[in-house]
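Once you've had a glance at the structure underneath, I'll fire off some questions.
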Amino acid sequence: MSVPLELDALPNKTLDGKTLAITEQGVASGSKAQTLTVPVPSGQTQMVVEYGSGSITNGFVLVEASEKVVKNASGSIWLLRMNSTKGTWVRCDDAFGGIITSDQGSSFARVGSLLYFTHTDMKIGCIDTSATSLSVTLPETINTLLAKLHREQPIDAPYNVQAQLASDNGTLIIEYPDANWNALYYAVDASGTVLGSLRSDKTSITSFDAKGKQGSSINTPGSISFPSIGLFQ
């Protein structure tokens, strides 16, 4: 999948009449590219693509937009739903002033219809992309866990460390360093309940159950990576 990451209007102009084109190219030899072209919402001066998942026949694109030709205008969040090669824009509520990106670059993870993302204020937000009326929520239990991890971050960290998100087998994975910069990976369900965790250091990867009891360990250095179902980040 490919899509312009940003659309900008000329000074004192809007993007009215402009379109956003999403192109899908199959991996099989000889497959033809398909392109979905959708007019951008009216009144916008800038549109920045933050995340996408699925395909042009069944997927979505998350966009952060600026509207009105005035200085310091508030932003807005839009979801482009793609279904059977048709695109429909749905506006999300203006949580965070319409700005979802973090100063460190937001991390995204999709679990079913739920899209999780990190934000500058050390929170994890969530959007149910299948909802009729879209809104940003701040899952309480998940953010309680994140606050605990933040308090235990390395004391020599020059800034607040942002969590990295991933998903695996229908669960949200939250990655965060411990006090010694070892990577911790927590698997949580939609309610925020911890299902288990992994700790990766320079010599091994160790598992822990939901209550923190240590399980098995394998001797292998390095980090853990999870497959992404996102189109682009």
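Looking only at region 13-46, filter to residues that are of a type in the set (D, E, K, R) and touching a residue at least 24 places away in the same chain (Cβ under 8 Å); which one of those is surrounded by the fewest Cβ atoms within 10 Å (Cβ to Cβ)?
The selected residue is LYS13.
Continuing with this model, one more query. With respect to GLN153, is the statement that it is out of contact with any helix residue (DSSP H, G or I) (no Cβ under 8 Å at 6 or more places or on another chain), modelled with pLDDT under 90 and under 23 Å from GLU64 (Cα atoms) true?
no
Inside region 153-185, can you point out the residues that are among the hydrophobic types (A, V, I, L, M, F, W, C), loosely packed, with under 13 Cβ neighbours inside 10 Å and within 17 Å of ARG199 (Cβ to Cβ)?
Matches in region 153-185: ALA179 only.
Please specify each residue of region 85-114 satisfying the condition of being surrounded by 13 or more Cβ atoms within 10 Å (Cβ to Cβ), in the same structural domain as THR137 (by TED's automatic domain parsing) and modelled with pLDDT of 90 or more.
The answer is PHE108, ALA109, ARG110, VAL111, LEU114.
Take VAL49 and tell me if it is assigned to a strand (DSSP E or B), under 13 Å from the mean Cα position of the chain (by Cα) and modelled with pLDDT of 85 or more.
Considered against the rule, which asks whether it is assigned to a strand (DSSP E or B), under 13 Å from the mean Cα position of the chain (by Cα) and modelled with pLDDT of 85 or more, VAL49 comes out as yes.
Pull up region 134-167, narrow it to residues that are assigned to a helix (DSSP H, G or I) and touching a Gly at 6+ places or on another chain (Cβ under 6 Å), then point me to the one that is farthest from VAL111 (Cα to Cα).
THR141
Let me ask something else. Please find, among THR203, THR132, the residue that is touching a Pro at 6+ places or on another chain (Cβ under 9 Å) and free of Cβ contacts under 8 Å to residues at least 40 places away in the same chain.
It is THR203.
Checking the condition surrounded by fewer than 18 Cβ atoms within 10 Å (Cβ to Cβ), in contact with a Lys or Arg (Cβ under 9 Å, 6 or more places away or on another chain) and within 29 Å of VAL63 (Cβ to Cβ), which residue from LEU146, LEU138 passes?
Being surrounded by fewer than 18 Cβ atoms within 10 Å (Cβ to Cβ), in contact with a Lys or Arg (Cβ under 9 Å, 6 or more places away or on another chain) and within 29 Å of VAL63 (Cβ to Cβ) holds for just one of LEU146, LEU138, which is LEU138.
Sort through ILE22, ILE56 and tell me the only one that's in contact with a Leu (Cβ under 8 Å, 6 or more places away or on another chain), among the hydrophobic types (A, V, I, L, M, F, W, C), part of a strand (DSSP E or B) and modelled with pLDDT under 90.
Every option except ILE22 fails the conditions.
The values are calculated or read from the model by the stated rules, or taken from the named source; none is laboratory data. These figures come from a predicted structure and were not determined experimentally. Quick reminder, even Gly has a Cβ in these numbers, built from the backbone with ideal geometry, and neighbours come from all protein chains shown.
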